[in-house]
Amino acid sequence: MISREEALNLIKENVRNDKLVKHMLAVEAIMRKLAKRLGKDETLWSLTGLLHDLDYDIVKGDMEIHGIKAAEMLEGKLPKEALDAIKAHNDLTGFKCDSDLAKALKAADQLSGLIVATALVMPHKKIEEIKLSTLRRKFKQKDFARGVDRNKIKLCEELGLSLEEFLELGLEALKEIHDKLGL
């Protein structure tokens with residue numbers, strides 16, 4: 001399995017959009033904290049989160065191959081379980097994987113978007129300003145962050161976490177790296 005440093009180098013080589021890099025860092029942080037909470041392999045889970053969108057610029061909007069291409073790029077660098085989760089995180093690939101890792105990646109991917117969107121409507125646009133009650137309210141508000149799939153966030157329940165616990169875990173994870181996210 002590759003190191004985090006090697007993963008970051010792959011990102012530098014393949015991802016040009018700074019917002020996307022920050023998203024990948026956010027998903028990594030949530031996945032690491034989730035793995036720790038669930039007693040899973042923190043390195044594997046965090047690298048899966050970090051690299052899940054590695055191909056985004058390369059596929060140039062062809063969402064039917066987004067995730068598939070990333071898995072090809074990461075062949076031999078991550079175990080099959082991680083490659084399958086990356087392929088499955090995008091429903092448009094048609095690739096099915098119901099492992100805990102795949103469920104966690106789908107949930108973390110969407111939760112990161114909800115937390116960032118919530119931060120952007122705070123007075124100072126800072127994650128530190130977000131309270132759990134605010135995040136809960138934004139989760140329930142269907143007209144807020146419409147691109148965030150709340151049902152995927154609820155996959156946390158299949159991992160043994162309540163929605164409340166997962167929102168809190170994600171918020172804590174992103175507060176820990178707020179400086180890297182610029183929020």
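The numbers here are math on the coordinates, done by the rules we state, and not lab data. Note that this is a predicted model, so its numbers are computed, not measured. Here Cβ is always computed from backbone atoms with ideal geometry, including for glycine, and neighbour counts include all displayed protein chains.
From Cα pairs below 8 angstrom and at least 6 apart in sequence, can you work out the relative contact order of the chain, rounded to a whole percent?
Once divided by the residue count of the chain, the mean separation gives 22 percent.
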Note to self: C-alpha centroids of the stretch 1-48 and the stretch 108-183 sit apart, in Å, by 18
Taking Cα atoms only, helix 100-120 is inclined relative to the longest principal axis of the chain by an angle, in degrees rounded to 10, of 50
Mean projected area, convex hull of alpha-carbon positions in the chain, reported to one decimal in nm², is 9.5
Here, trypsin sites (Lys or Arg not before Pro) of the stretch 89-183 satisfying both criteria (DSSP loop; at most 10 other Cβ within 10 Å) are Lys96, Lys142, Arg146
Assertion target for Val121, Val27, ordered by fewest C-beta neighbours within 10 angstrom first, is Val121, Val27
